[in-house]
Amino acid sequence: MAAPKELFDVRNIGIMAHIDAGKTTTTERILYYTGRSYKIGEVHEGTAVMDWMEQEQERGITITSAATTCYWKDKKINIIDTPGHVDFTVEVERCLRVLDGVIAVFCAVGGVEPQSETVWRQADKYAIPRVAFVNKMDRVGADFSKCLNMITERLGANPVAIQIPVGKEAEFRGVIDLIEGKMLLFGEQSLGQEVEVVEVPGEYIERFTAARMMLLEKLADFDEEIMEKYLDDTTVSAPEIYSALRKATLALEVVPVLCGSAFKNKGVQPLLDSVVRYLPSPLDVKEIEGVGKNGEPVTRKTDPEDSFVGLVFKLMSDTFVENLAFMRVYSGRIGVGDKVFNPVKKKQEKIGKLLKLHANKREEVDEILAGDIGAIVGLKFTTTGDTLCRKGDHIILESMDFPDPVIGVA
Ligand code: GDP
């Protein structure tokens, strides 16, 4: 059976960075821009779009939620909070299992710092596709090219710049989009400003052409059609580049790199576009493997029609003093009132309420489908790391052996 369209439109992502590179600021800006563009109320409940000030006041309630759901251009993005500091507890490993793609934030001055290296290697270990955001382009000493080189040399990755910066340090004011061939100007500092899209000015044409050529050369290594067009000197269209870049990103062959300044509200909207364009949907992710009743390997498909399996990856209490169990549903679907089985605790549980946590509001939903993330209210026995499955079924996801951590903090 064909998977529902909804699954194509979900992105489960984490944001990773060296401390101070701007993970928090980038996350807040993402929530701001997604909150502005998507009126939760219009679709679900009839309330108005969230107000940034209100959101600021309420920050700390759900912005720090284990999983925050937001919408960008009709795609549902679940941002999974990955532990801020680097350690090798099972919690980090669990988060990495729950997300499908990562935004790696780098500081344009510091480049690849020890912790960015560590989180990068963890994402390598779990084969998680990434886009990179070189933040703090407004700072003295910001150097986009140096950052790209460090990503190649220190991380052994294949970064592909899809933008080049316009203006330097305090004068940083935009980027040239190498795929669309346009200049994006981010205005001054105010949060609400739209991106102004203009033609690439004459003084930038040479740099733009050289950088675009480099982008095409890199893609030609992985895509025969682009290779042919490149060799024939035929124009490669933007949709062709998007498609080739998506494939190469999902195959972990390349990492698209963007730049900006989250703090100055520059560059976050194109970053969101890239999350949607290049990072995987749950359907791009292979089947989930677990262990059956007698220790035998069991797999389940990312399909709402398969048998329900979910992993509880975090327990939290929110200000409404309810215990929330955050869960990723890997296959099947779970609905309010369902009775499910926790094979770890050997207990039956009843699903009281299901919630989606948005930047500043909670939304009750009737069910959560394969590939999506939400919170359950009312579980009695389940703890972090437990699997839930259908009554009569038996599959445990967490007892899988995690690879031994092999990387230390430099
Ligand atoms: P985190 O530790 O990675 O979560 O980093 P934060 O988002 O807390 O940012 C660390 C510091 O850098 C804060 O003082 C931010 O205001 C500042 N910061 C974040 N993004 C930028 C940026 O784009 N430009 C400048 N100049 N400062 C930034």
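The values are calculated or read from the model by the stated rules, or taken from the named source; none is laboratory data. All values reported here derive from a predicted model rather than from experimental measurement. Here the Cβ is made from the backbone with ideal geometry for all residues, glycine too, and neighbour counts use every protein chain on show. Keep in mind that these areas ignore ligands, DNA and RNA; they rest on the heavy atoms of the full protein, side chains included. Shrake-Rupley method; radii C 1.70, N 1.55, O 1.52, S 1.80 Å.
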Model label zone, GLU228; criterion: amide N under 17 Å from point 7 Å along Cα-to-beta-carbon; scope region 242-274 | 243-244
Could you calculate the FRET efficiency of GLU196 with GLU305 from 1/(1 + (r/R0)^6), where r is the beta carbon distance between them and R0 is 45 Å, rounded to 0.05?
-> 0.45
Modelled label-to-label distance, VAL140 and ASP221, 7 Å Cα→beta-carbon offset: nm?
-> 3.7 nm
DSSP loop (so not H, G, I, E, B), at most 13 other Cβ within 10 Å: list which GluC sites (Glu not before Pro) in region 171-253 pass both filters.
-> GLU188, GLU194
The answer for the net charge of residues other than ILE368 whose Cβ lies under 13 angstrom from its Cβ, with Lys and Arg +1 and Asp and Glu -1, is -2
Taking a probe of 1.4 angstrom, what is the accessible area of MET213 in Å², to the nearest 10?
-> 80 Å²
Taking 0.36 nm per residue of separation between LYS391 and ILE205 and subtracting their Cα-Cα distance, the length gained on full extension comes to 60.7 nm
Near ASN342, within a Cβ-to-Cβ distance under 13 Å, what is the net charge of the other residues, with Lys and Arg +1 and Asp and Glu -1?
-> +3
Fully extended contour minus Cα-Cα distance, from SER243 to MET213, at 0.36 nm per residue | 9.1 nm
